[in-house]
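Working notes, structure below.
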Amino acid sequence: MTCISIEGITKRFGQTTAVNGVDLKIESGDLFFLLGPSGCGKTTLLRMLAGFIEPSSGRIRFNDKDVTTLPPNRRNTGMVFQSYALWPHMTVAENVAYGLRVRKVDAATRKARVSRALEAVQMDPYAQRRPNQLSGGQQQRVALARALVIEPEVLLLDEPLSNLDAKLRLEMRQEIRRLCKESEITTVYVTHDQEEALSMADRMAVLKDGSLQQLGPPQTLYRQPKTRFVAEFLGETNLLPASVGSREGSKVRLETVVGDVLANASGDDLPDGGNITCSIRPESFRWSGSDAALPLKGQVQEVVFLGDVTQAVVGFEGGHSIRTISLNQGKRPECGEEACLFVEPQDVVILND
Ligand code: ATP
């Protein structure tokens, strides 16, 4: 079992700082995601873990071992690329056996380990086919088997599902998670797909311009984003300018541009009368609430029926609007009617910037 420590890692390419002073600890056995938009530095960070790129500064440790300058073949990592990178002239079994052959594993052990790895990804019936006789999803399974067969300390996955169609991507998400958890290998997975990360990760890091924005389990990052960037990157949200009003016990009244709401205030770190931005997810709004709660009163401007849910835009005085989303049960909002919306304090998130 291997934990990974990334300590103050920076990588510069000429004038570009691809990764900027990132500190991270990845616990052993974790399925850990590096998530962010194109160009945020996630692939560069993954390639530094693999040893393909040497950092400009900082250290990388696998448990207590400093691997910062170790070449890839001395790190015991398995890597799966977006393009699969299978050898076209070799059969599936030969592709999977390749890493064992390089490591001079004897023929009998090799055969047994290859067949175990192919079974794990349900590709044993295809052992004698060549990659061009397989679908994209099957090729990706072989690439996974090839990475897992060497029993790596750390598994590195670089956008492994981006070449697959939407249905297969969904299937493979759970498949990869099952394989990683069963084999208990510490896994680092790079993606720009927030849904992939939210649905698979034990913990994840959101990167922007080479810097770490926030780190934590998917639910925490989704429900308690610290910044506007994280709130918007992980799904849809309403960003509402507000000023801080009176304190009410453990809560604080926020005077937002669409009306007053209560938020759970942590400590005394809010500026009195200061201006802040709060984030409220569309699904957090309720169309009815208790008398004690603060109602937001507006008018329904737009309704989109999407089968299981309905999206609505509610307009307020001053031209402000919010987006809501609700399950289609009971009465649905209708265009032009008065809207009275409620939101629970725990769903009102005060952002740092
Ligand atoms: P994508 O999702 O598009 O793959 P990414 O988040 O993985 O993006 P990186 O590939 O790590 O981003 O690139 C981070 C920054 O570093 C980008 O601005 C990129 O242009 C730059 N960069 C990456 N590799 C090199 C290189 N070898 N030489 C110069 N600049 C590079």
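Based on the Kirkwood radius over alpha-carbon pairs, what is the Stokes-Einstein translational diffusion coefficient of the chain at 37 °C with 0.692 mPa s viscosity, in µm²/s?
Translational diffusion coefficient: 143 µm²/s.
For the chain, what does -39500 (n - 2.57) per DSSP helix run (n ≥ 4), summed and divided by total residues, give at 222 nm, in deg cm²/dmol to the nearest 500?
Only helices count here, giving -7000 deg cm²/dmol.
Summing Lys, Arg as +1 and Asp, Glu as -1, what charge do residues with Cβ under 14 Å from the Cβ of Gly36 carry, Gly36 excluded?
Here the charged neighbours net out to -4.
So for the pair His89, Thr310, with labels modelled 7 Å out along Cα→Cβ, what separation do we get in nm?
Output for this residue pair reads 6.4 nm.
For Lys297, go through the lysines and keep the ones whose alpha-carbon is under 19 Å away, minus same-chain ones fewer than eight residues off.
Lys331
Within straight cross-link reach of Lys65, meaning Cα distance under 27 Å, which lysines are found once same-chain residues fewer than 8 apart are removed?
Qualifying lysines at Cα under 27 Å: Lys11, Lys25, Lys42, Lys104, Lys181.
How long is the gain from Lys297 to Gln15 if the chain were fully straight, where each residue apart is worth 0.36 nm and the alpha carbon distance is subtracted?
Contour length minus the Cα-Cα distance gives 96.4 nm.
Where both residues lie in the chain, what percent of DSSP beta bridges are antiparallel, nearest 5?
Beta bridges within the chain, antiparallel portion: roughly 75 percent.
Place a point 7 Å from the Cα of Gln133 along the Cα-to-Cβ direction; which residues of region 75-92 have their backbone N under 13 Å from it?
89-92
Hey, what angle do you get for helix 107-120 against the long axis of the chain, alpha-carbon based, 0 to 90 degrees rounded to 10?
Helix 107-120 sits roughly 20 degrees off the main axis of the chain.
Treating the beta-carbon of each Lys and Arg as +1 and of each Asp and Glu as -1, no other charges, what is the dipole magnitude of the chain about its Cα centre, to the nearest 20 debye?
It comes to approximately 1860 debye.
Calculate the spin-label point distance for Met1 paired with Asn73, positioning each point 7 Å from the Cα along the beta-carbon direction, and give it in nanometres.
About 3.2 nm, to one decimal.
What distance in nm separates the simple spin-label points at Lys25 and Ser183, each placed 7 Å from Cα in the Cβ direction?
Taking the simple label geometry, Lys25 and Ser183 are separated by 2.6 nm.
With only alpha-carbon atoms in the gyration tensor, what are the semi-axes of the equivalent ellipsoid for region 14-140, in Å, largest first?
The equivalent ellipsoid of region 14-140 has semi-axes of 32, 18, 14 Å.
Computed FRET efficiency, Cβ-Cβ of Asp64 and Ser162, R0 41 Å: what is it to the nearest 0.05?
The formula returns an efficiency of 0.75 here.
Could you derive backbone 3J(HN,Hα) for region 213-228 from the dihedral phi with the Karplus parameters 6.51, -1.76 and 1.60 (θ = phi - 60°), listing whole Hz in sequence and x where the residue is Gly or Pro?
For region 213-228, the Karplus-derived couplings read 8, 7, 9, x, x, x, 5, 5, 5, 6, 8, 10, x, 8, 10, 4 Hz, x marking Gly and Pro.
Compute the helix-to-body angle for 92-102: its Cα long axis versus the longest principal axis of the chain, expressed 0 to 90° and rounded to tens.
Orientation of helix 92-102: about 70 degrees from the principal axis.
Read-outs: derived from the displayed coordinates by stated rules, not from any lab. All values derive from a computational prediction rather than experimental measurement. A quick note on method: Cβ atoms are made from the backbone with ideal geometry, for glycine too, and the neighbour counts reach across all protein chains shown.
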